[in-house]
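Working notes, structure below.
The numbers here are math on the coordinates, done by the rules we state, and not lab data. Keep in mind the model is a prediction, meaning the values are calculated, not measured. Reconstructed Cβ throughout: ideal geometry from the backbone, glycine too, with neighbour counts over all protein chains shown.
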């Protein structure tokens, strides 16, 4: 049964990786400003969580409705980790090897968005200038190190959600 659980989680991870990669490619090809759109980010987060939950539900059904907390979390975690890793590799390839100029454009768009948001909240100009200076000092936001660091932080955040999902989904055999 453990094999089918990992196989199921791997399949869902591949689906998630493909979906996130397609979203990255579409944002790259259609409009780089999607990276600064709040709805785009929330949509991607929702997609990750939904596919993680679907993986856990499927793993539970593969085991006749009985799944331990560990098995539920493992199914969720493998799915999320694999999906984020695939998406990260696609981002690294696009923004470091295919079109490094697009990474600079995205960085500028993110800076403009950040400054606009700070001004809307009436932030002091000194704070805005400090943020601008930090952004300008920053290296390529899609460097391998930055993408891996981002992936790790995302994985931690999604894991907290995964713990909650596993807690809700767990169900043991009565005599086990």
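Looking at 89, 57 in this structure, which one is assigned to a helix (DSSP H, G or I), without any contact (Cβ under 8 Å) to a residue 12 or more places away in the chain, within 30 Å of residue 165 (Cα to Cα) and touching a helix residue (DSSP H, G or I) at 6+ places or on another chain (Cβ under 9 Å)?
Result: 89 is the single residue among 89, 57 that is assigned to a helix (DSSP H, G or I), without any contact (Cβ under 8 Å) to a residue 12 or more places away in the chain, within 30 Å of residue 165 (Cα to Cα) and touching a helix residue (DSSP H, G or I) at 6+ places or on another chain (Cβ under 9 Å).
Looking only at region 134-155, count how many residues are in contact (Cβ under 8 Å) with a residue 24 or more places away in the chain and part of a loop (DSSP other than H, G, I, E, B).
Within region 134-155, residues that are in contact (Cβ under 8 Å) with a residue 24 or more places away in the chain and part of a loop (DSSP other than H, G, I, E, B) number 5.
Here is a yes/no grid of residues against (1) under 16 Å from the mean Cα position of the chain (by Cα); (2) within 12 Å of residue 79 (Cα to Cα):
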site: 13; (1), (2): yes, yes
site: 35; (1), (2): yes, no
site: 38; (1), (2): yes, no
site: 48; (1), (2): yes, yes
site: 59; (1), (2): no, yes
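Pick from 97, 69, 77, 73: which is within 15 Å of residue 16 (Cβ to Cβ) and either surrounded by 19 or more Cβ atoms within 10 Å (Cβ to Cβ) or more than 21 Å from the chain's Cα centre (by Cα) (or both)? Before you say what the answer is, go through the steps one by one.
On the way: 97 fails: within 15 Å of residue 16 (Cβ to Cβ); 69 fails: within 15 Å of residue 16 (Cβ to Cβ); 73 fails: within 15 Å of residue 16 (Cβ to Cβ).
On inspection, the qualifying residue turns out to be 77.
Quick one: what pairs do we get from region 60-77, first residue within 18 Å of residue 11 (Cα to Cα), second not in a helix (DSSP H, G or I), C-beta under 7 Å, 6+ apart or different chains?
These pairs meet every condition: 60/67; 63/1; 72/170.
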